[in-house]
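Engineer: The structure that follows is given in the form of structure tokens.
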Amino acid sequence: MNFDALKQNDPRLAELLASERERRQETLDLIASENLCPKGVREAVGSILTDKYAEGYPGDRWYGGCGVIDAVERLAVDRGKQLFGCDHINVQPHSGSQANMAVYFAVLEPGATILSMDLTHGGHLTHGKKANFSGRLFHITHYGVSAETEQIDYDAVAEKAREVKPALIIGGASSYPRRIEAARLAEIAGDVGARLMIDMAHFAGLVAGGVHPDPVPVSDFVTGTTHKTMRGPRGGFVICKQEYAEAIDHAVFPGLQGGPLMHVIAGKAAAFALAMTDDFKAYQAQIVANARAMADEMASLGYRVVSGGTDTHLFLVDLTPLGLTGGQVQQWLGAAGIVLNKNVIPFDKRPSTDPSGIRIGTPSITTRGVVEDGVRQVARWIGQVLKAEAPARAAEGLRAEVLEFCRSHPIPD
Ligand code: PLP
């Protein structure tokens, strides 16, 4: 997109969009929740479908003129069902947060007990943070990772479930580098009469690409986002067993949302089609191979990788032994053109506002065609900044090399 109309009508905004495009081309994005969605998806999201009101569902809308819109939503639904092999998928949630909210509102009463992963061990704010609707409306209890392995101890989860008798168990996280064993969580939920929701917001692409165990067959609900590893438009979805289909649809609309974002649903349809290709499967395998190679390189340079490695698209580095904070490192690396985020690590002794870790994800750089030798190079650059006596200067010194690397791995159109 050349922003031709904006350049005419709103030069300031056109300039900002062009600056952001340049920033993306000239920096490396290691934010685990971000990706670069393909042009076809962006065309769908930037389309005239943004104009259409379509409250309701295909064949049952409140507004006229929804014939084409119905076909678009059916396409997204059919492709989603085929991709994830599920009974039912609702593609209307505006975001992952709303997808989670839909599940809670479909099957829980306010005050019901939820058992979810501790937010400081990697869980997400919609899994019960006090300031979030989830923490305000429900009785939240948590499981976490074991202090020894920094991985989920499923026996401890089972014990906690027997103790708190939750109505809903949630698996899934924002900064947990290991696989989520949904089958084990399903057993635990079954034993205590709880329902199971897997939030695969982060690893939906890995599931679609066949490189993460599939939670769909064993879960009552699986929620997700389409913009992270899925490499689609910003948005959410809910998958459920047929018996919950009506309750989920009713919770999304009219329960939580008005008109669906039909341009985004078109983008989801486009992304689901791409996710069924062999290229996408190879891409997902490369994301994981890259995360493993990069975590391995960081470890061999002497840095502490939380849980000793990764099975997914992300890993965490503990900066405690270096006496550094995540915030400092995020800022220094930003000056080198390496963009990532500070992150809490399990049992963090620092405040969550400036925690002890950084989170590193490979979806975006893998989209740029970077493979193992490239990510190992990026790890060495990070290492150079971490060990420097003057890290800010070291980062600035790397900027030209990082820029050259970015230019040799342009963002695909
Ligand atoms: N669930 C998990 C595990 C997430 O990591 C996120 C976002 O990072 C979400 C839900 C929420 O997604 P959104 O930002 O689209 O609301």
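Engineer: List every residue whose amide H lies under 5 Å from the amide H of SER356, counting only residues 5 or more places away in sequence or on a different chain, with H placed 1.01 Å from N in the peptide plane.
Structural biologist: Counting only residues 5 or more places away or on other chains, the set is GLY326, ILE345, ARG350.
Engineer: Show me the helices of the chain, taken as full DSSP H stretches, that run 30 Å or more along their long axis by Cα and average -0.5 or above in Kyte-Doolittle hydropathy.
Structural biologist: Membrane-span-like by this criterion, though nothing is claimed about a membrane: 278-300.
Engineer: Separation of region 139-208 and region 14-51 by C-alpha centroid, Å?
Structural biologist: So the two Cα centres are separated by 33 Å.
Engineer: Let me ask you something else. Sort GLU181, GLU187, GLU163, GLU389 so the one with the fewest other Cβ atoms within 10 Å of its own Cβ comes first.
Structural biologist: The fewest-first ordering by Cβ neighbours comes to GLU389, GLU163, GLU187, GLU181.
Engineer: Suppose R0 equals 30 Å; then what is the FRET efficiency for LYS129 and LEU17 from their Cβ-Cβ distance, rounded to the nearest 0.05?
Structural biologist: 0.40
Engineer: Which of rounded, prolate or oblate describes the chain when judged by the alpha-carbon gyration tensor and an a/c cut-off of 1.5?
Structural biologist: oblate
Engineer: Okay, next question. Rounded if a/c is under 1.5, else prolate if a/b beats b/c, else oblate: with a ≥ b ≥ c from the C-alpha gyration tensor eigenvalues square-rooted, which is region 233-278?
Structural biologist: oblate
Engineer: Tell me, how many Å apart are the Cα centres for region 286-320 and for region 89-135?
Structural biologist: 28 Å
Engineer: Another question, if that's okay. Near LYS39, which lysines are there with a Cα under 28 Å away, not counting those fewer than 8 places off in the same chain?
Structural biologist: Counting by Cα, and skipping residues close in sequence, LYS39 has these lysines nearby: LYS7, LYS52, LYS81, LYS228, LYS268, LYS281.
Engineer: Which one, LYS228, LYS130, LYS342, has the greatest fluctuation when you compute a Gaussian network model over the chain with C-alpha springs under 10 angstrom?
Structural biologist: For the chain, modelled as a Gaussian network with Cα springs under 10 Å, the answer is LYS130.
Engineer: Continuing with this model, one more query. List every residue whose amide H lies under 5 Å from the amide H of ARG304, counting only residues 5 or more places away in sequence or on a different chain, with H placed 1.01 Å from N in the peptide plane.
Structural biologist: Result for ARG304 returns ASP318.
Engineer: In addition: Kindly write out, for region 225-241 in residue order, the coupling ³J(HN,Hα) from the Karplus curve 6.51 cos²θ - 1.76 cosθ + 1.60 (θ = phi - 60°), rounded to whole Hz, with x marking Gly and Pro.
Structural biologist: 10, 9, 9, 9, 4, 5, 6, x, x, 5, x, x, 7, 10, 9, 8, 5
Bear in mind that the values in this text are calculations on the coordinates, not laboratory data. Since the structure is predicted, the reported quantities are computational estimates derived from the model, not experimental observations. Ideal geometry is used to build each Cβ from the backbone, glycine not excepted, and the neighbour counts take in all protein chains shown.
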